[in-house]
Every structure is written in structure tokens, then in C-alpha cells.
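The values are calculated or read from the model by the stated rules, or taken from the named source; none is laboratory data. Since the model is a prediction, treat every value here as computed from it, not as a measurement. Neighbour counts run over all protein chains shown; Cβ positions are idealised from the backbone, glycine included.
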Amino acid sequence: MSTVLIEIRRAKASDAAAVAEAHDEAWRTAYQGIIPGAELRRLINRRGPAWWDSAIRKGSRIALLQFGDKIAGYANYGRNRARSLYYDGEIYELYLRPEYQGLGFGRRLFTAARRDLAQSALKSLIVWALSENENAVEFYRALGGKPVARSSEKFGARVQIGRWEDLDAALADAALDHDT
């Protein structure tokens, strides 16, 4: 019998290549058929190891889910970027490699990110997801997300509708989880 260590930790510069691989796998799965192929490849390629190395070195908040010696997923988060929406924090991205989805790891990664935001006095939380990404929308709904705004994003010639989800209830739950 063997034991596999599962941990959530902050990304280090030495993780850049592994994060890029996880990003590539997760995006290809999440957006196939939603974002046109050439545009999807362009978006993935622009976020290679050098991009992740730079983001990590600049201090971006990136939490990793490490399963044994493999980076299974990541969350990138910080202050809310949508100035028209009055929320303090935002989870910019939360992605898992396909084989780690549906097993509770996304919830664990989300909880770690929201706790870190709450400890930084970012008391309200929002996420943005493409409406056609049904897995993401359902994931955030299961965490208590409520749609609060819509916006559009153009990918090549195709326009996608995105939705902002209010996750204040999930943030409050993180404080309760921390107290137990």
C-alpha cells in the first residue's frame, strides 16, 4: 500500500512549467467547443511557463493543488478587477486537470483561496465564468454562487456571454469552516 500526499500550497517559480501544463490540459477540456479552436490555442500558448514564472515572481496569488508529485490544479485570485461591481476579492481562475475533476478537489482549492482572501480583509467575493461553461457555472452554484451581472467576451469572431457570480455566502462559510 502506498500513500499519496495531497496538499494545497502557494506556487513557487520552480512550479511554472507544471502550472502551464495544468493550465493547458484544463483549458483544452473546459473550452473545447466553446472558444473556437485557433483562438483557444492562442490563449493557451500565451500562458506558457515564462508567463507563469513572471506571474509567480511578481507575487500573484496562485494556490496549487499538488497530488503526489503532480500539480493537479491551481487557483489564481486577488482583488476584484471589475470596478463597477462592489466586491473586494475575486477568484480569477480555478482549474483542475480533467482526471481530478468531480472528486472534491476543486472545492478544497476554492476554500483555500477564499480563506486567503478573507485573511487579507477581502470580505466579499466574486468570480466570472462563461455561461456556456456549464461545469464551471454548476460548480460555483453548488458553492452558493448567485448571478449578479453579465458581460460579453469576444473570441475570434465568436462572442460569448459571461456571468459574474456573487460568492459572499461561500466566503462566510470559509470563516465558519476556519473556526471549527
Exercise. Any idea how many residues of region 106-135 are under 29 Å from PRO36 (Cβ atoms) and not acidic (Asp, Glu)?
Worked result: 11
Seminar exercise, completed: Among the residues of region 58-115, the number that are more than 15 Å from ARG9 (Cα to Cα) and charged (D, E, K, R) is 9
Exercise. Pairs under 8 Å by beta carbon, first residue free of Cβ contacts under 8 Å to residues at least 12 places away in the same chain in region 21-45, partner part of a helix (DSSP H, G or I), six or more apart or different chains?
Worked result: GLN32/LEU40
For this session: Being modelled with pLDDT of 95 or more and within 16 Å of the chain's Cα centre (by Cα) is the filter; apply it to region 43-57 and report the residue that is nearest to ALA13 (Cα to Cα).
Result: ILE56
